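Accompanying notes for the structure given below.
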Amino acid sequence: MTIDLQTALASPRPGARLVPPVPVPPERELSTLRFVAAMRTNGIGCWPASAYEAPLRRRRVFGKVRLTVSDPEAVRRVLVENAGNYARTAISIRMLRPMLGDGLLISEGAAWRHQRRALSPAFTPRAVETLVPHILSATDEAVAALEGPAAAGPVDLFGALQHLALEIAGRTMFSVGMARHGQHLRGFLSAYSERLGRPHLSDALVPLRFATPLDRARARFRRDWVAFLDTVIADRATERDGRPRDLLDHLRAARDPETGRSFTAEELRDQVATMILAGHETTALTLLWACTLLALDPDAQERVAAEADLAEKPYTRAVIDETLRLYPPAYIIARSALGPDVLAGQPVARGDSVTISPWLLHRHRRLWRDPDAFDPGRFLPGAAPVPRFAYMPFGAGPRICIGAAFALTEATLALSRLVGRFRIARADDRPVLPAAVVTTQPDHAPAFRLTLR
């Protein structure tokens with residue numbers, strides 16, 4: 001992929017909206033081999049420019065039909081109206097199960113319904129409110145820790161935000177900081193994401209019932225990962241000391257309202273893994289992209305800073321919402337059709353792969369005004385309603401992310417504290433480009449300059 005450096009390096013004109021740099025999409029459909037390579041290195045590069053205007057695209061990859069759906073009504077059909085006809089793909093199961101087990105994110109059928117019913121009370125607004133002190137304490141410590149490096153020169157803000165998000169995950173889950181287990185936890189997450197968590201050609205070509213060499217490596221990882229989580233959960237049981245209630249308390253108290261059944265030890269562990277993995281990485285990325293955008297738009301940054309000491313933070317929340325539109329952490333949702341259907345007037349056959357990309361939806365030329373521009377005003381109170389099933393950073397339908405409210409609260413509070421303390425600027429002119437594999441990562445860790453307010 002190439003990039004228009006003139007667009008990337010230009011500052012917004014007075015009164016003009018910022019258009020952050022992105023890789024230029026290919027003009028034509030990629031060959032199968034180039035398509036597969038792009039999915040492994042940067043998935044947003046697999047779609048040609050025409051995909052940002054089409055309601056549905058059809059192509060074959062190794063003889064299998066692959067549909068990319070960008071029509072909101074077709075999205076609703078897949079995720080809501082006929083959701084039972086669309087199951088997770090073998091690739092996603094292979095990539096996620098070693099890390100998440102059979103937790104909420106990848107379970108299906110009755111197992112998923114039991115988990116969803118049991119977990120819902122843990123993520124009500126009242127339950128989320130009990131976790132706010134953990135968010136604030138971790139954020140305040142992270143902000144204080146940045147004051148020294150800020151005076152010394154360029155700062156690796158992404159690294160600091162990853163550490164912060166993991167610390168918040170540890171405190172909200174276990175009521176304790178991650179001093180004892182944080183380094184090991186980061187090691188597990190890094191080791192998996194760098195190799196085992198990336199899609200491989202064998203994941204698509206080899207039936208799920210057969211183990212590939214990569215599957216066996218993932219199984220070895222899972223044995224160590226499970227043992228580590230069991231140790232952390234056991235340690236947590238001895239460290240309550242009357243601390244505020246945390247997410248693990250909610251998970252242990254969770255009961256399926258229809259059956260009264262609680263989680264087994266194995267189910268509890270898989271939920272813990274799901275919450276830590278899904279929660280910390282998406283928050284770190286959202287904060288990194290928000291800081292990158294605000295560094296390019298000082299006026300927007302000052303509006304966020306002005307809300308730092310206010311109880312209500314509508315503009316800060318709008319910045320988070322717009323960041324999630326431009327850089328949705330989960331850039332793709334993949335499903336496999338269990339039976340025939342019709343989407344956007346096109347037939348779907350059993351076994352067809354159906355892809356919904358929040359990246360494409362959020363930048364679609366027929367669904368958004370100035371889709372590539374950074375405009376938090378889209379999400380301010382009184383703005384025109386956001387198109388239904390055209391904005392879905394947390395998914396949609398019955399499988400919408402159960403922790404969405406917590407994630408939005410966490411990101412809004414953390415960004416407010418950070419911008420309230422520092423003016424944020426880039427330390428160089430190198431454009432930060434999205435590189436999507438499993439999540440929408442930056443192509444490098446950008447250097448920032450932080451100045452105390």
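Here are the numbers for this structure:
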{"read-out": "Elements of type helices (runs of 4 or more DSSP H) contained in segment 221-306, each with 3 or more residues being charged (D, E, K, R) and open to solvent by less than 60 Å² (accessible area, probe 1.4 Å)", "value": "265-296"}
{"read-out": "Residues located in segment 62-99, provided they are open to solvent by less than 50 Å² (accessible area, probe 1.4 Å) and in a strand (DSSP E or B)", "value": "65, 66, 67, 68, 69, 86, 87, 88"}
{"read-out": "Condition met for residue 194 (in a helix (DSSP H, G or I) and modelled with pLDDT under 80)", "value": "yes"}
{"read-out": "Filtered residue count, segment 310-338, keeping only those that are small (Gly, Ala, Ser), in a loop (DSSP other than H, G, I, E, B) and open to solvent by less than 10 Å² (accessible area, probe 1.4 Å)", "value": "0"}
{"read-out": "Only one of 382, 377, 420, 395 that is free of Cβ contacts under 8 Å to residues at least 40 places away in the same chain and of a type outside the set (A, V, I, L, M, F, W, C)", "value": "382"}
{"read-out": "Test result for residue 314, modelled with pLDDT of 90 or more and under 22 Å from residue 369 (Cα atoms)", "value": "yes"}
{"read-out": "All positions within segment 169-186 that are within 15 Å of residue 281 (Cβ to Cβ) and open to solvent by 40 Å² or more (accessible area, probe 1.4 Å)", "value": "186"}
{"read-out": "Which listed residue is in contact (Cβ under 8 Å) with a residue 24 or more places away in the chain, surrounded by fewer than 17 Cβ atoms within 10 Å (Cβ to Cβ) and within 24 Å of residue 317 (Cβ to Cβ), from 425, 445", "value": "425"}
{"read-out": "Residue match in segment 359-373 (condition: aromatic (Phe, Trp, Tyr) and open to solvent by less than 10 Å² (accessible area, probe 1.4 Å))", "value": "yes"}
{"read-out": "Strands (runs of 3 or more DSSP E) (entirely within segment 374-442) containing at least 3 residues that are at pLDDT 95 or above", "value": "422-426"}
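The values are calculated or read from the model by the stated rules, or taken from the named source; none is laboratory data. What you see is a predicted model, and the numbers here were worked out from it, not measured in a lab. Glycine gets a Cβ as well: all are built from the backbone with ideal geometry, and neighbour counts include every protein chain shown. Heavy atoms of the whole protein, side chains included, go into the accessibility calculation; ligands, DNA and RNA do not. Shrake-Rupley method; radii C 1.70, N 1.55, O 1.52, S 1.80 Å.
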